[in-house]
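For reference, the structure is listed below as structure tokens.
Any read-out appearing in this document is the output of simple, stated calculations on the displayed coordinates, not a laboratory observation. Note that this is a predicted model, so its numbers are computed, not measured. All Cβ positions, glycine included, derive from the backbone under ideal geometry; neighbour counts span all protein chains shown.
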Amino acid sequence: MNDSATLSNIPLETRSAGADLRPIQENGERAVFCGLTSIIWLHRKIQDAFFLVVGSRTCAHLIQSAAGVMIFAEPRFATAILQERDLAGLADCHEELDRVVAQVLQRRPQLRNLFLVGSCPSEVIKLDLENAAQRLNHQYGGRVRFFDYSGSGIETTFTQGEDSCLSRLVNHMPEDSSGEAKLLVIGTLPDIVEDQFLRLFNDLGIESVEFLPARSLDSLPAVGKQTRLLLAQPYLGQTARALIGRGASLVKAPYPLGAEGTLEWLRAAARSFSISDDKFEQVTSAPLARARHALSLQRKRLEGKRICFMPDSQLEIPLARFLQRECGAELLEIGTPYFDRQILQPELSMLPPHTRVVEGQQLNDQLDRVREAKPDLTVCGLGIANPLEAEGLRTKWSIELMFSPIQGFEQAGDLAELFCRPLVRNERLAV
Ligand code: SF4
């Protein structure tokens, strides 16, 4: 594997433009959702799992309203609400938890996998869910598998819920002793995108490809020294490190957002399996042309637009790279909640030098900068968007990008269009 080779298609003069970028650190008030939010896309993806949040009424409201699911629809998530007696240490929380788990399983006898999801309240009272999962695994004798992870909002942002979930699954993945090279794609992708990528990998000649998370937990992929990790999402540092600890090697690549990001992501995988350049061109040329055409239709709306990212989803750096390089936007500031150089380095190399990257948040200071700069578009969390809109600034909810299929060649045009929408709405309102 060769890091620099993954970027060989990028014009030489810009190849390492932002490689040495050092983010400015901010520390203060933040406005982000917590990791429980990731249950929304995780439960859609992992179709045989149930997510039981051990938390407060606030946690239950968050999940219920964020998921927008009517209670009659029997969603595969619920909240075991900690009462005052639990919080005061007057009740045995483990007994209560066992009772709620038994209720869930009685109502859903077909369930085979259940996640116990920690929250701020369960962390504050130090409820040991790892221990509880082990105890329940023993009690149910393998009929139901129990996993645990934390979705707490203490010092975390909402995409870390997925990182926490997947990193816990790594402990349950079997050892791969086949000796056969295998590609493991990490990060939740909508099924339609997963199918497109699988076809492309197979056309390239990479036959052994698995995804984490997959649609079912029944057959967790095996991991070993021959496993090559390809991250599909830029917020999975903890999971990547856990898999590297199991012997896997990381394929360094930008993320599959936009035509260029997707091309370089696939190229990195192809190079790690010694696929020839000719074969790579042959497989990718048609979808690449379609993606470039779709982007050309949107580019005219985004060209020259001044864009600011506030820290929220951790997708900020790859999205900014896409908007700047493929849509011609000007980047005023990229705020990101966390900056993990190990998994973001190939992205930095594609940013213009001197791009302002800010890690963490001091909300009021950042809002002052946004108000002063008056960007054409601010990509931010839900809670900040409405006040900014009321002040006449156009915004894009960053969480919307988590619920939309945006990765891959076929979605490149749609991704650009998502950023065009607020601008188009603004023009219409002006008329
Ligand atoms: S986990 Fe924490 S931040 Fe999230 S809803 Fe529950 S109490 Fe609020």
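Per-residue extension of 0.36 nm, minus the Cα-Cα distance of Leu429 and Gln83, leaves a gain of 119.7 nm for this segment. Where both bridge residues fall in the chain, DSSP classifies roughly 0% of the beta bridges as antiparallel. Within the chain, the longest segment free of exposed loop sites, counting GluC sites (Glu not before Pro) that fall outside DSSP classes H, G, I, E and B and have at most 12 other Cβ atoms within 10 Å, spans 30-154.
Here Lys225 is the anchor, and the aspartates and glutamates within straight C-alpha reach of less than 13 Å, apart from those fewer than 8 places off in the same chain, are Glu175, Asp176, Glu180. Computed as a quarter of the hull surface, the mean projected area of the alpha carbon convex hull for the chain stands at 21.8 nm².
If we count every other residue with Cβ under 13 angstrom of Asp340's Cβ, Lys/Arg +1 and Asp/Glu -1, where does the sum land?
Details: positive: Arg241, Lys252, Arg341; negative: Asp163, Glu316, Glu347, Glu359.
Overall, the nearby charge balance is -1.
Toward the positive end of the charge dipole of the chain, with +1 on the Cβ of Lys and Arg and -1 on the Cβ of Asp and Glu, the farthest Cα among Leu243, Leu116, Phe322 is that of Phe322.
When you filter the trypsin sites (Lys or Arg not before Pro) in region 80-130 for DSSP loop state and at most 16 other Cβ atoms inside 10 Å of their Cβ, you are left with Arg112, Lys126.
Under a Cβ-only charge scheme (Lys and Arg +1, Asp and Glu -1), can you give me the dipole magnitude of the chain about the Cα centre, in debye to the nearest 20?
Details: 47 positive and 55 negative charges, 112 e Å.
Roughly 540 debye for the chain.
Note on the chain: helix-only mean residue ellipticity at 222 nm, from DSSP H runs of 4+ residues weighted -39500 (n - 2.57) and normalised by residue number, equals -13500 deg cm²/dmol.
Neighbours of Ala132 by Cβ distance under 9 Å: Lys/Arg scored +1, Asp/Glu scored -1, total -3. Extension gain, Gln134 to Ala214: 0.36 nm times the residue separation minus the Cα-Cα distance gives 26.5 nm. When Phe309, Phe147 are arranged by Cβ crowding within 10 Å, least crowded first, meaning fewest neighbours, the order is Phe147, Phe309. Taking a ≥ b ≥ c as the square roots of the eigenvalues of the Cα gyration tensor, region 182-277 is classed as rounded, since a/c falls below 1.5. Counting 0.36 nm for each residue step from Asp365 to Glu410 and taking away their Cα separation leaves a gain of 12.4 nm. Placing +1 on the Cβ of every Lys and Arg and -1 on the Cβ of every Asp and Glu, with nothing else charged, gives region 35-156 a dipole about its Cα centre of roughly 560 debye. Each of Ala416, Gly360, Val144 was scored by the projection of its Cα onto the charge dipole of the chain, and the greatest displacement toward the positive side belongs to Ala416; charges sit on the C-beta of Lys, Arg, Asp and Glu.
Taking Lys and Arg as +1 and Asp and Glu as -1, the other residues whose beta-carbon sits under 15 Å from that of Gly141 total +3. Relative contact order, whole percent, for the chain stands at 20, derived from Cα pairs under 8 Å and 6 or more residues apart. With a simple spin-label model that places each label point 7 Å from the Cα along the Cα-to-Cβ direction, the separation between Asp20 and Ala181 comes to 3.4 nm. Measuring between alpha carbons in the structure, the pairs from Lys252/Lys396; Lys305/Lys374; Lys182/Lys252; Lys305/Lys396 lying more than 18 angstrom apart are Lys252/Lys396.
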